[in-house]
Each structure stands twice: as C-alpha cells, then as structure tokens.
Amino acid sequence: MMRPKRLVLLGLPLLWLVLANATCHKQISHEGLASSYDLLRFRLSECRHMGGDSLDPVSLAEAERLDEEVGGWLQEGNWAKASATMAQMEQTLGVLLDEMKSWDPDEDGLSNYAEYMLFGTSWAEADTDGDGYFDGSEVLHFETDPLDYCSVPMGFPPETAVQHNCPALEKLR
Ligand SMILES: [Ca+2]
Ligand SMILES: [Ca+2]
C-alpha cells in the first residue's frame, strides 16, 4: 500500500504535465487561428486587387464587415466567435474568388483570377504590353510573353492597335 505523501509526490508532476500540455495546445490553436485570419485577410486584399468591388460589391462589403468582426472577437479573446465568423468570411471569399475565375471584363480570354494570380497581366487592359496581341491570345494560343512587347507571334497580323513597337523587331521588317 502506497503512502498518501508518496501518492501526492507522484501525482503532482503528472498534474503539471497534463496542465502544461493543455495550455500548450490552447496556445497553438490560438496561434493557428491568428495565422488563418492573416491568410483570410490576404485573400480579401487579393479580391480587392482583382476588382472584387466592381464584380460583386455586396459580397466584398460582407467580407470586409466579417473581417472587422473577426478582429473585434480576437481582441476580446473570444476565440469561439472569432472562429465561427472566420468560417463565414472564408465562405464569402470563396464565392467571390470562384466568381473571379470566370469573370473577364476586358474580354481578352483570361479571367481576372488568371490575370492577377497566374500571369501578372492587367485585368483592365486586353493587351497589357501593347504589342497588338491580346493577353489571352498570347498566353493560350501563341505562347508568347504577354508582358514583353518584343515577344510577338511572327507571321500573324495584330489583333488590336499596336501601342509599343519593339525596336529589335523593327530592324527585321
Ligand atoms: Ca481578362
Ligand atoms: Ca500583348
């Protein structure tokens, strides 16, 4: 039979381990929440840069409202409410980003999402480098660089007005 004193001596380190573990988990989950929030805010700023305000101002305003709400819950230390509001924010941003993937306001054959996220071209100008060939044609058809007006498809007439002539190519003509 163990003496009560020995039981206490054995029990205390165990209790400390359990408590330390629980605190550690709690801290990690709060840190996880904060980094998820950073990611959501980054996605929100991307939506703004991709013209979300013109495409779907209601969803963008809703995402901004939820963003503020999450910030408030985090400041108050209300992790449960912050987490629930972040889930709503993520859903709203998901809808907006999906819409971006099929929205092509400059009608160059590339969605705003593709222009901003993949090719670095302008979603407001159909021919970003001004070489006379549309961004979408350069990327999808000719495989030329849509950001370099010296990278043009040889033997194909321009599709739109040429803004920038490449001096090196002028010499070849
Ligand atoms: Ca486009
Ligand atoms: Ca072009």
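Derivation of every value follows stated rules applied to the coordinates shown; laboratory data play no part. These numbers come from a predicted model, not from an experiment. Quick reminder, even Gly has a Cβ in these numbers, built from the backbone with ideal geometry, and neighbours come from all protein chains shown.
The length gained on full extension between Ser35 and Cys150, counted as 0.36 nm times the residue separation minus their Cα-Cα distance, comes to 37.2 nm. Annotation: the residues Lys5, Lys101, sorted from fewest to most other C-beta atoms within 10 Å of their own C-beta, follow the order Lys5, Lys101.
Hey, with R₀ at 30 Å, roughly what FRET efficiency would Ser45 and Ala161 work out to, going by the Cβ-Cβ distance, to 0.05? For Ser45 and Ala161, the calculated efficiency is 0.35. In a DSSP loop and with at most 14 other Cβ atoms within 10 Å, there are no GluC sites (Glu not before Pro) in segment 53-90.
Measuring between their Cα centroids, segment 87-116 and segment 45-67 lie 11 Å from each other. Site pair Ser54 and Trp79 shows an inter-label distance of 4.3 nm when each label is modelled 7 Å from Cα along Cα→Cβ.
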